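> I'd like to ask some things about the structure below.
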Amino acid sequence: MDRIAIQGGFRLEGQIPISGAKNAALPLMCAGLLTKGTLRLSNLPHLADIKTLKSLLLGHGTKIKTEDEGLDVAKGAVITLSSPDITNTVAPYDIVRKMRASILVLGPLLARTGEATVSLPGGCAIGNRPIDLHLKGFEDLGAQIELKEGYVRAKAPTGRLKGGTVHFATVSVGATENILMAAALAEGTSVIENAAREPEISDLAHCLNAMGAKITGIGTETLTVIGVDSLHDADYAVMADRIEAGSYAIAAAMTGGEIEILGKNLVPALTGTLDMLRSAGLSLDETDSGMMVKLESDLVKGVDATTHPYPGFPTDMQAQVMAMMSLCDSVSVITETIFENRFMHVPELCRMGADITTHGSTATVRGVKRLLGAEVMATDLRASMSLVLAGLVAEGDTYINRIYHLDRGYDRLCEKLLKVGARIERQVGKGI
């Protein structure tokens with residue numbers, strides 16, 4: 001396996017372009033299954049998850065053409081997806097196990113063909129993430145659901161889903177996306193209540209409308225979808241990645257640097273994260289191209305943070321904030337309310353000298369004067385980034401193993417950090 005080596009202690013300064021959001025790109029690619037026409041997507045990030053989903057879509061009969069590979073770090077890829085015929089409605093275990101977002105083909109396949117068989121999903125081991133809400137939502141739209149041998153078998157008895165009211169008992173991003181795509185081709189009107197409000201869902205809804213869907217209430221907890229018989233061609237740009245942007249903002253603060261984060265509409269997308277970062281002493285000023293970030297004082301201020309669904313503080317920023325708080329001027333308390341197993345980065349940060357104790361869903365972080373380089377192990381995507389951030393400021397060298405997690409969610413991380421002054425390299429075949 002590869003690993004990342006970091007020599008810490010260097011101030012970061014310059015510009016970092018933010019890539020297209022993985023969490024927006026994946027459902028947008030799945031939306032290509034809903035039309036016989038062509039969906040052209042631009043600003044796609046270079047990530048392992050994108051490649052995995054391409055493989056899955058190809059297996060369903062989707063034709064994918066790369067128009068621009070986006071080899072420039074500041075430029076995303078451009079692809080066209082065409083699914084005139086769905087040749088296979090089974091999403092197999094060997095692909096779906098690699099990435100939880102694969103479950104998002106269930107809604108489009110069911111809506112388009114009236115049936116779908118999808119393996120129960122995999123992904124990062126950050127806790128139990130059942131798909132009960134997805135399945136109940138499909139049943140509310142008239143589908144018959146069967147769980148058998150590790151697969152979800154879904155069928156619309158009449159060949160087409162029926163509009164209905166779907167009420168989520170708890171907020172779920174994936175379930176909202178899946179039901180939204182399915183409802184776009186359902187017969188009649190569907191109302192999705194207690195829908196997730198993340199910007200990535202709004203991005204999906206706007207894309208679906210560009211394809212001819214009729215969705216209102218975008219950005220609110222109630223989405224109304226008037227089903228249409230078919231969707232048509234569309235050209236859509238993936239939104240900038242708010243989690244990547246927040247991660248690099250923390251990199252600027254931890255290294256005492258000043259970074260302009262380049263990307264469109266970052267400030268509104270970072271609602272929840274910006275409030276917490278400002279409380280910690282970061283200056284975040286909107287520019288014509290994005291946002292300028294720096295720490296206003298010598299030390300990060302200790303602040304308490306609790307994860308919540310959007311527009312609250314996102315769980316996907318929790319690990320990165322914990323790394324930053326390890327060097328704060330006092331004590332901070334971080335509470336995780338979304339996933340029950342998302343503190344796996346704590347032992348690795350403590351190996352680097354952090355003072356963190358956990359009790360259930362709460363972590364108490366006592367600021368220390370310095371972190372020390374060490375060999376550490378990444379356990380999931382966001383935990384990986386927390387270790388990178390710690391390595392940027394640690395005394396000595398840090399070696400991060402199992403970086404395939406990073407490859408799933410951070411587009412060309414080493415290249416971007418190198419351009420702003422980090423001493424970082426990917427060491428091929430030296431990891432464990």
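> Could you please find all residues in segment 211-237 being aliphatic (A, V, I, L, M) and touching a strand residue (DSSP E or B) at 6+ places or on another chain (Cβ under 8 Å)?
Met211, Ala213, Ile215, Leu223, Val225, Ile226, Val228, Ala234, Ala237
> Filter segment 302-340 down to the residues that are touching a Leu at 6+ places or on another chain (Cβ under 8 Å) and assigned to a loop (DSSP other than H, G, I, E, B), then identify the one that is surrounded by the fewest Cβ atoms within 10 Å (Cβ to Cβ).
Asp329
> Every residue in segment 256-284 that is touching a residue at least 24 places away in the same chain (Cβ under 8 Å) and of a type in the set (D, E, K, R), please.
Within segment 256-284, Glu258, Glu260, Lys264, Asp275 qualify.
> Next question. In segment 256-279, what residues are surrounded by fewer than 22 Cβ atoms within 10 Å (Cβ to Cβ) and under 29 Å from Ala210 (Cα atoms)?
Within segment 256-279, Leu262, Lys264, Asn265, Val267, Pro268, Thr271, Gly272 qualify.
Residue-wise test of (1) within 17 Å of Glu244 (Cβ to Cβ); (2) charged (D, E, K, R); (3) in contact with a Gly (Cβ under 9 Å, 6 or more places away or on another chain).
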| site | (1), (2), (3) |
| --- | --- |
| Asp304 | no, yes, no |
| Pro314 | yes, no, yes |
| Ser330 | no, no, yes |
| Arg342 | no, yes, yes |
| Pro347 | no, no, no |
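> Moving on. Examine segment 286-300 for a residue that is part of a helix (DSSP H, G or I) and either without any contact (Cβ under 8 Å) to a residue 12 or more places away in the chain or aliphatic (A, V, I, L, M) (or both), and state whether such a residue exists.
no
> Within the bounds of segment 186-203, is there any residue that is part of a strand (DSSP E or B) and surrounded by 18 or more Cβ atoms within 10 Å (Cβ to Cβ)?
Scanning segment 186-203, I find at least one residue that is part of a strand (DSSP E or B) and surrounded by 18 or more Cβ atoms within 10 Å (Cβ to Cβ), so the answer is yes.
> List pairs: first residue in segment 181-199 and modelled with pLDDT of 95 or more, second residue in a loop (DSSP other than H, G, I, E, B) and among the charged types (D, E, K, R) anywhere in the structure, Cβ distance under 8 angstrom, at least six positions apart or on different chains.
Partner pairs satisfying both residue conditions: Leu185/Arg160; Leu185/Asp229; Ala186/Arg160; Glu187/Arg160; Glu193/Glu221; Asn194/Glu221; Ala195/Glu221; Arg197/Glu221.
> Just checking, which of Thr362, Thr398 is modelled with pLDDT of 95 or more and within 30 Å of Ala196 (Cα to Cα)?
From the options Thr362, Thr398, the qualifying one is Thr362.
> Looking at (1) assigned to a strand (DSSP E or B); (2) in contact (Cβ under 8 Å) with a residue 60 or more places away in the chain; (3) surrounded by 24 or more Cβ atoms within 10 Å (Cβ to Cβ), which is the only condition Ala253 fails?
So the condition that Ala253 fails would be (1).
> Still on this structure, I have one more. With the condition kept exactly as written, say whether any residue in segment 138-154 is modelled with pLDDT under 95 and closer than 22 Å to Gly61 by Cα.
yes
> Tally time: how many residues in segment 344-392 are under 22 Å from Gly256 (Cα atoms), of a type in the set (A, V, I, L, M) and surrounded by 24 or more Cβ atoms within 10 Å (Cβ to Cβ)?
Final tally of qualifying residues: 12.
> Restricting to segment 325-349, give me the number of residues that are at pLDDT below 95, within 19 Å of Ala374 (Cα to Cα) and of a type in the set (D, E, K, R).
Number of matching residues: 0.
> Filter segment 265-296 for residues that are under 22 Å from Thr315 (Cα atoms) and among the basic types (Lys, Arg) and give the result.
Once the filter is applied, which keeps residues that are under 22 Å from Thr315 (Cα atoms) and among the basic types (Lys, Arg), segment 265-296 yields only Arg278.
> Just checking, does segment 76-83 include any residue being buried (at least 17 other Cβ atoms within 10 Å of the Cβ), in contact (Cβ under 8 Å) with a residue 60 or more places away in the chain, small (Gly, Ala, Ser) and more than 26 Å from Ser190 (Cβ to Cβ)?
Yes, the conditions are met somewhere in segment 76-83.
> If you don't mind, there's one more thing I want to ask. Any idea which of (1) assigned to a helix (DSSP H, G or I); (2) of a type in the set (Val, Ile, Thr); (3) under 30 Å from Leu372 (Cβ atoms) is the one Ile6 doesn't satisfy?
(1)
> Looking at segment 133-146, is at least one residue within 27 Å of Lys51 (Cβ to Cβ), in the same structural domain as Leu53 (by TED's automatic domain parsing) and in contact with a Ser or Thr (Cβ under 7 Å, 6 or more places away or on another chain)?
No, segment 133-146 has no match at all.
> In segment 367-396, which residues are farther than 18 Å from Ala253 by Cβ, assigned to a loop (DSSP other than H, G, I, E, B) and not β-branched (Val, Ile, Thr)?
Within segment 367-396, Gly373, Ala374, Ala378, Asp380, Gly396 qualify.
> Looking at (1) crowded, with 24+ Cβ neighbours inside 10 Å; (2) out of contact with any helix residue (DSSP H, G or I) (no Cβ under 7 Å at 6 or more places or on another chain), find the lone condition where Asp288 falls short.
(1)
> Taking Ala48 and the conditions (1) in contact with a strand residue (DSSP E or B) (Cβ under 7 Å, 6 or more places away or on another chain); (2) at pLDDT below 95, which numbered condition does it fall short on, given that it satisfies the others?
The failed condition is (1).
> Right, here's the next one. Exactly one of these conditions fails for Thr271: (1) over 22 Å from Arg11 (Cα atoms); (2) modelled with pLDDT of 95 or more. Give me its number.
It is condition (2) that Thr271 fails.
> Also, quick follow-up: Going through segment 84-115 one residue at a time, which ones are in contact (Cβ under 8 Å) with a residue 60 or more places away in the chain, out of contact with any strand residue (DSSP E or B) (no Cβ under 7 Å at 6 or more places or on another chain) and closer than 20 Å to Ala156 by Cα?
Leu104, Gly107, Pro108, Ala111, Arg112
The values are calculated or read from the model by the stated rules, or taken from the named source; none is laboratory data. This one's a predicted model, so the numbers in the text were calculated from it and none came from an experiment. Positions of Cβ are backbone-derived with ideal geometry, glycine not excepted, and every protein chain shown enters the neighbour counts.
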